[in-house]
Structure formats: C-alpha cells, structure tokens
Amino acid sequence: MKRRLIVVFVALLALLASCAKPASAPVGFEFMHTYVEEDRLKVIQGLIDAFQAENPGFEVKQVPVSEDAFWTRITTLMQGRQLPALIDVSVDQARLLAASDVVDVDTCTSVVQDVGVDRFYAGAVAVLRGDSGKLFGVPLTGWVQGIWYRKDLFAEKGLAAPEKWDDILTAAKAFHSPADKKYGIVFATEATDFTEQTFSQFALSNGAELFDASGKPAFNSPAMRRAVEFYRELYKYSLPGSNGFTQVKDSFSGGNAAMVVYSTYILGGLYEQGMADKVGFAVPEGVAPASFGMVSTEVITNTVPEAQRQAAAAFMKFLLRNENYIPWMHMAPGGPNPVLKGVASDPAYLGHPLLKAYGDTAKAIPEAFADLAMFGFQDGKTNPKMGEISARMIIPTALNNILVLGADLDGELAKAQKAMEDVVAGR
Amino acid sequence: MRSPPPRIPPSLEAQNRRLGLLFVLPAVALVFAVIIYPVFFNLYLSLWKPALNPAKPDLFVGFGNYARLLADPQFYRSLALTAVYVALTVAGSTLLGGSAALLMNRDFRGRKFARSALLLSYVMPVISSVFVWIYLFNPLYGMVDYALVDLLGLFEVAPQWFDDPVLSLLLVCLFDIWRIFPFALIMILSSLQSIDGAVYEAALIDGARPFRIFRCITLPEILPVVASVVTLRSIWNFYKFEDVYLLTKQVPILGVYLYRTAFTVNDLGLASAISVVMFALVMGIVFVAAARRKGASS
C-alpha cells in the first residue's frame, strides 16, 4: 500500500514538473502606458488579443499608470531593475531614459527600419535620433500644437488669421475685455512642461534655438529674449494667473477666449459642443512658421531579456500596420494624430465622424510631423541634456516668475541660463 | 566508559521565553523590513550620488549631499515655510476641532447628523477636495471670485489666490485646517464624553460659572488628549506633501522640496539627505516634547 502511494506521488510530481515547464513557454512582456480610461483600455486589450492570436508565442500584459504618477513609477522601477519591456512615453521622457542608457536603441531603430522609414513623417523619426544616429524610441502617434481661434469671431471683426506675431497681438488686443471675462488669448503660464511646450513654439518661430552651435545653452540670446518679451506682451491680454490645461481649455470652450494655444486634444471637446465649424488652426510665425508637436514614443528597454525585447518589437510592428493603427488612433479621435503618412489620408482613418466634421483641418494637421521643431533638436539630432533641462522645469519656472509673479526678465533669463549650464556641465 | 550526563530539561520559564521570542519574531522581522531597513538604506543612499540606472556605477560623495543641502537657500526657505505651515495648521485645526467637540458634546436635535456631517471633509479623498477648492477659486467660474468681485464688489480684479506667495500659504493652511480638524474633533469629543457628569453637577451646586467649569474641570481632563493630537498632527504635517503640491506651486514646504529633488531633478542622493535631516528634526522635536511631558508629570 505504502509503495503504491509513493509511486502515485512520484507520478504526480512528474506531471506537475512537466506542466510547470512546457516545451515552448510563451514570451511574456509588460507594456506600460498612461491610457487609464476604461474605453481606451478596452481598445488596447482588443489589439493585444488580436496580436496574441496571431502570435501564440507572445503574451502582452498592459500596465496602465495615471499620468501624474508615471515618471515616479518609471524611476522607481528603474532603481529596482524592473522596467517593463515596452513603455509609452513623451519625447522628453524618452530623452531622459536614453540619457540613463536603458533604451535598446538597436531594436528601436530596427523596428522603424522594418516598418519602413519612408512610411513615417520625417520629423517624427528625426526627433528621436540620438547622438549615435540610432533611434531611442519608435514613434507611434503624436499631437500637434498651435493657436486655435474662433473663425467666426475673427470674420466678424475682419481680423487676419493669427499666424504672424503682429496679427496675433492685434487680435489679442481686439478681443480683450477682462471686465466681461473675455480674454484675447489664453495659454500656459504655470511652472510645468505645458508652458515650456507652448513657449518653445513662439521661440522657435523667432529662430531662437536653445543651444548654440557648440552645444552651449543660449537662453540669453537676443532672439530668445525677444520671444520672452513677446510672450510677456501676450500675457497682458490673457487670463491672469498660473494657467494650465484646465484654464486654457475651459476658457476656449466656455467662450471666454478668442484664441488659445493647445494641442489637438482640444478637438474632441469642441466637437461635442458643436463648435467644429467655428474653429480655425494657425501656426505662429515670427521669422518663420514653427510646427510644434509631441511624438508619443514607444521605448523598448535594454534591461529585459533579449526574447522580451524581440516580442515588444513584434508588437510594435503589429501596431504600426494600418488595420491596427487606425483603431488605436480612433481611441481619442483628433487628439493623437498619425505619424504614418499613408494613414493621414486613409479614408478609413478620416471616416470617423469627428474627423469628418473638421474636414481638411484634420487631414492637414499631421503634416506638421513632416518638419517638427523642438527645443534641443538641432541639425537633425537631439541634445542629450535636453531631457534633464525639461525635467527640471527650468524654462517654465523662469516664465512663470516673469509673467505671473512679475519678476525681472533679465534676472530670470540669467538664472535659467546658469541652471542650464549646470545641467550641461553635469553639476 | 562513562555515560554522558543526563540532559536537564529546560525550565518552564526558559521554554516560555523561547516561545515568546518565537511569537514576536514575525513582528520584529516586519519592523526590520519596513522601518529599520529603509531608514538605514536611506542613510546609506544619502552618502552617494546614485545613477538613475542601477547598472551604472554610483558615485560616493560622503557628506557632499549634506554640504550641498546646507548651502542651499531654498532648503532654509522650505524649512521656514514648513514651520509656519505646521504652526498655523496644528493650532487652527486643534482649536476648531476642540470648539466643535465642545459643541457636539451638548445635547441638541440633529446632533447625530451634525456629527457625521462634520466628518465629511476628513473622509473625502484629498484629490476630490483639492479639485473642489481649485474650482471654487477658478477665475472664470469660481464661486469665490463671483461672490467677492461680481456680487459684493470687494475687489475690482480678483486676487491671484494660488499664485500670490502669501495668499497661497494662507489658503493651503486654511485648506488643511478645514480638512483635518475632524481628527481633533473625534479625539477631544471622546475624551469629553469620558468625564463623569457628576463632577459638573457638583461644580454647578457649588455655584461655579461656565468658564470656571471649563478651566478647572474640562480643560485639565482633555489636556493629555490635546497634547497627543498636537504632537501627532505636528509630525504628520511636517511631512505634508500631497494637498500643498496639488493646490499651488508657490508653497514649497519640505515635502514638496523633497519630491521635486527626487522626481523632478532626479537627484536621489540629495533627496535622501533631505529626508534624513527631516527625520532627525522630527525625532528631536518628539524627544524634547516627550522629555518635557515626562518632566511635567513627575
């Protein structure tokens, strides 16, 4: 009896052992992102299911993290050597990850090459090119920023579209009536990256780059100073205070502002309010127009085993196929824009009711990715210190001090310049 | 050949001691894992300049982080702001909580409802209360601006509530007092309810006036609880971060300064040094308070 029990026990153990380690265990990896909304999670899960059905050897687990806790989570995971294989980040965050050497630049570059570099808008790929010439991320989607204005109100007053600096200022003055809670133009002024993004578009439209030819910060250059002065001048016709996403968006949709500087993520709300036909989009132009946008970047990390990196690469190539790419784009129609040229004019993409309502504007917006301008991106390369300069909020803090707290312009420029020099020197 | 000496069974006391040690072992292990180890690791980290990527080498800087911290004027500004913040919020919330507790100790119709309603601000998630306050003070559609500017005409242009350094400090204090006073209320109310009613009756028979009754009976009875509330609240508010950080960028108290150093500047070594200094300061205050209380009671 005892012997029989032992035999059964050993047989069970052998069975368990064979279950625990099948001949070909699927390669699982984590995909961390900030799309926490339930409907977006469903769309992503649908795409993951389709990918797994097509590739039974791979298993993807999505890890949604709220945006405000995202960077904290990344740094703690990095410290604990537990970064996921695939992370959806902004270009700024991708720059920081690249500076910490946790990006598998070879795999990222090969994904873009396999998909076809020519299929992407040139600017969307160029902003992810590091010093070595390799890519520190795969561009997936992107939003474009510019001046959204009320076409109907501009027509009533016979004003020109707010493209040239002078036209922007003239329109801002014309609509400004704070006693009636009407403001000429509302834009970001709080000490966050939103302000850096907004300001950079004005600075770059004035030809003010953040670094000189030798890679030294140039925040005190005459062109930059002029841009800050213009930004301060515009603030006179704005809603006073530290304005962020809420104030900027609400002031436009509530009819309190004739112009706002915001990303394409404003389109959804305006469509729901029936304002799609009243809204125009302009790119500010000082000495030259400056298209600004942010590319949603997928980073494949080098801290996970090779098999996981290849699985993440396969998932990226799957997502960048039109039939999977368009549902991703329609998760928040209008907000994320295609970085793939073919998709921007694809009837299946433009067929969404929201995009139809905006007509040619929706079709034209992704063109901005052809020639993106961005602080720290010069001569086709990204300055490796740009991520840290952005993370330290040096530029938005200076602007917030100048505009909202009334600090001395030259003093703040000098302080910011010194802070940037410290970053470049590794202090 | 001699046989080994017979094994003497351990005494019952020794057995109990061993069993007792076995029982406390999980708790001790837990304290080591979640308190002692992080404290010492933090102390260790404060002597280094750790790379964000752990595969890269860390740089040993000795007391360099402490030297940088003590030379940073921002640190002293944050320390002073924290001291003001703690003093105002602890005093305010204890006074408001104490007054509310005295009121809730009386018998009146709807007392049960009033008691529950007063706890609302304490049980509401911080993020919700912060957004309610931000919307209250919104310059476009906030109730406060509407009441003060449009209805009452007290200001021509509404003040920049969360941008002005002084106003924003006062507002974050007011927010915290409003949010946490129910804690003092609960503690003081439970202490008030433990006072024997016969003592009050005797005082009334002796002709004592209400203020005298409060000063000679109520106050001494609730004072130990008030002291505990003040000590606990001071420690908690010294480490405060979330509501201040969410409401304004103009009040960089130590918690906010620490967070920015760790996760905006990504300087984990300096951030560890800040938390070590904060820990030392709080422990110092706690020891002094405990010694004074011990001296007073003996």
**Label point 7 Å beyond Cα of residue B:292 along Cβ direction - residues of segment B:54-91 with amide nitrogen under 15 Å** = B:87-88, B:90-91
**Request:** Starting from 0 in steps of 5 Å, tell me what percent of the Cα-Cα pairs of segment A:18-130 lands in each bin.
**Result:** 2, 9, 16, 18, 20, 19, 11, 3, 1, 0, 0
**Asked** How long, wide and thick is segment A:158-302, going by the Cα atoms along their three principal axes, in whole angstroms, largest first?
**Response** 49, 40, 27
**Request:** Work out, step by step, the length gained on full extension between residue A:161 and residue A:174: first 0.36 nm times the residue separation, then minus their alpha carbon distance; give nm to one decimal.
**Result:** 3.4 nm
**Prompt:** Using the beta-carbon distance between residue A:306 and residue A:223 and R0 = 45 Å, what value does 1/(1 + (r/R0)^6) give for FRET efficiency, to the nearest 0.05?
**Reply:** 0.45
**Asked** Which of B:68, B:77, B:209 moves the most in a Gaussian network model of chain B with Cα springs under 10 Å?
**Response** B:209
**Asked** For segment B:1-104, what is the convex hull volume of the alpha-carbon atoms per residue, in Å³?
**Response** 306
**Asked** Can you give the FRET efficiency for residue B:230 and residue B:265, using 1/(1 + (r/R0)^6), R0 = 41 Å, r = Cβ-Cβ distance, to the nearest 0.05?
**Response** 0.75
**Asked** Over the Cα atoms of segment A:79-167, what Rg and Dmax result, in angstrom?
**Response** 19.2, 60
**Fill in**
Log10 I(q)/I(0) at q = 0.23 Å⁻¹ for segment B:109-210, from Debye over equal alpha-carbon scatterers, is -1.22
**Asked** Order of A:104, A:346 from fewest to most other C-beta atoms within 10 Å?
**Response** A:346, A:104
**Prompt:** To one decimal place, what Kirkwood hydrodynamic radius in Å is obtained for segment B:84-153 from all pairs of distinct Cα atoms?
**Reply:** 14.8
**Using a Förster distance of 60 Å, the FRET efficiency for residue A:265-residue B:205 (Cβ separation, nearest 0.05)** = 0.25
**Request:** Among B:188, B:205, B:217, determine the one that fluctuates most according to a GNM of chain B built with springs between C-alpha atoms less than 10 Å apart.
**Result:** B:205
**Asked** How big is the Rg/Rh ratio for segment A:171-217, C-alpha atoms only, Rh by Kirkwood, two decimals?
**Response** 1.17
**Asked** Can you give the Rg to Rh ratio for chain B, taking only C-alpha atoms and Rh from Kirkwood?
**Response** 1.11
**Asked** Any idea what log10 I(q)/I(0) is at q = 0.12, 0.13, 0.14, 0.24 Å⁻¹ for segment B:214-298, Debye with uniform C-alpha scatterers and no solvent?
**Response** -0.52, -0.58, -0.64, -1.14
**Prompt:** Rounded to the nearest 500, what is the protein assembly as shown's calculated 222 nm mean residue ellipticity when only DSSP H runs of at least 4 contribute -39500 (n - 2.57) each, over all residues?
**Reply:** -17000 deg cm²/dmol
**Item:** Binned Cα-Cα distance frequencies in segment A:300-427 - 5 Å width, integer %
**Value:** 2, 9, 12, 11, 11, 13, 14, 12, 9, 6, 1
**Request:** Alpha carbons only, please: Rg and Dmax for the protein assembly as shown, in angstrom.
**Result:** 31.2, 121
**Asked** Which whole-number value in Å³ per residue fits the convex hull of the alpha carbons of chain A?
**Response** 169
**Prompt:** What span do the alpha-carbon atoms of segment A:353-395 cover on each of the three principal axes, reported in whole Å from largest to smallest?
**Reply:** 41, 24, 13
**Request:** Determine one quarter of the surface area of the Cα convex hull of segment B:249-298, which equals its mean projected area, and express it in nm² to one decimal.
**Result:** 4.2
**Asked** How many nm separate the modelled label positions at residue A:407 and residue B:214, each set 7 Å beyond the Cα in the direction of the Cβ?
**Response** 4.6
**Request:** Do me a favour and compute the ellipsoid semi-axes for segment A:183-250 from its Cα gyration tensor, root of five times each eigenvalue, largest one first, whole Å.
**Result:** 25, 13, 8
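Values quoted throughout were computed directly from the atomic coordinates according to the rules given, and no laboratory measurement underlies them. Keep in mind it's a predicted model, so treat the numbers as computed, not measured. FYI the Cβ positions are ideal-geometry reconstructions off the backbone, even for glycines, and counts take in every protein chain you see.
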